[in-house]
1. Give me the pairs, please: first residue somewhere in region 100-126 and within 22 Å of residue 187 (Cβ to Cβ) and exposed (fewer than 14 other Cβ atoms within 10 Å of the Cβ), second residue anywhere and at pLDDT below 70 and not acidic (Asp, Glu), beta-carbon distance under 6 Å, and either six or more positions apart or on two chains.
2. Is there any pair with a first residue in region 145-170 that is over 13 Å from residue 181 (Cβ atoms) and free of Cβ contacts under 8 Å to residues at least 24 places away in the same chain and a second that is in a strand (DSSP E or B) and of a type outside the set (Ser, Thr, Tyr) whose Cβ atoms are under 9 Å apart and which are 6 or more apart or on different chains, and what are they?
3. Going by what's in this entry, would residue 49 be described as surrounded by 12 or more Cβ atoms within 10 Å (Cβ to Cβ) and modelled with pLDDT of 75 or more?
4. Check whether at least one residue in region 128-138 is under 30 Å from residue 26 (Cβ atoms) and either assigned to a strand (DSSP E or B) or out of contact with any strand residue (DSSP E or B) (no Cβ under 6 Å at 6 or more places or on another chain) (or both), and report yes or no.
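The values are calculated or read from the model by the stated rules, or taken from the named source; none is laboratory data. Predicted, not measured: the structure shown is a model, and the values here were computed from it. No Cβ is skipped: glycine too gets one built from the backbone with ideal geometry, and neighbour counts run over all protein chains shown.
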Amino acid sequence: MGISQEMVKNVRERLARHKDRRIGASKKRVLLILLGGLSLGLSGSPKTSWKVIGAMAKEWEELNKQAAERAINSLYASKLVGAKENADGTFSLILNEDGKKRALTYDLYRMKIETPTAWDSLWRIICFDIPEDKKTARDATREHFLKLGFYELQDSVFVYPFACFKEVEYIAELYDVRKCIRCIVATQIDIEVHLKKIFGLTTATT
């Protein structure tokens, strides 16, 4: 009895998902460094393998050269990174569109909002109305807001005491829901005493 094409397709899809989950720390680091704008010189070709040439910048040195080369070759095979040829015949590693999206996702999980030494007595309120056909994006957006420490006043309405709109925009752009989110700065909230306790704010810190 032969194996159907549909079965083969399902097996390949499962293997692809499994491989995606197993992307290693070195690959994540390479994607994040490239996202930050740092380049890396390479020699070799797509038909053979890529080798790192020259001195590695401080950020790259956190990876040993062998680990970096393995990660780069794997990412290139996955089409998450590409190589741009330079005038001297060497190549520079670049992020492809899929690689950029993946790097943004990894960067998102490292995101933290800086806490100023003094509170400016303003409340940042974030509201969103993300449609049902974007439920996955809606759930992910809520999850990230809570992970960053936002307090959910009511369904899809969050509050935070410090500047955070850049982080909100970053999340919104990643999930393509910018048009569904509104950011508000408020001077007063009727449950301010309760919120101050939640965020550890006192009158003395204002």
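1. Matching pairs, first to second residue: 121/206.
2. 146/152; 146/158; 152/158; 152/159
3. Spelling it out, it is not the case that residue 49 is surrounded by 12 or more Cβ atoms within 10 Å (Cβ to Cβ) and modelled with pLDDT of 75 or more.
4. Yes.
Residues checked against (1) assigned to a strand (DSSP E or B); (2) among the hydrophobic types (A, V, I, L, M, F, W, C); (3) touching a Pro at 6+ places or on another chain (Cβ under 7 Å); (4) in the same structural domain as residue 100 (by TED's automatic domain parsing):
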{"position": "119", "(1), (2), (3), (4)": "no, yes, yes, no"}
{"position": "163", "(1), (2), (3), (4)": "no, yes, no, no"}
{"position": "168", "(1), (2), (3), (4)": "no, yes, no, no"}
{"position": "172", "(1), (2), (3), (4)": "no, yes, no, no"}
{"position": "176", "(1), (2), (3), (4)": "no, no, no, no"}
{"position": "188", "(1), (2), (3), (4)": "no, no, no, no"}
{"position": "196", "(1), (2), (3), (4)": "no, no, no, no"}
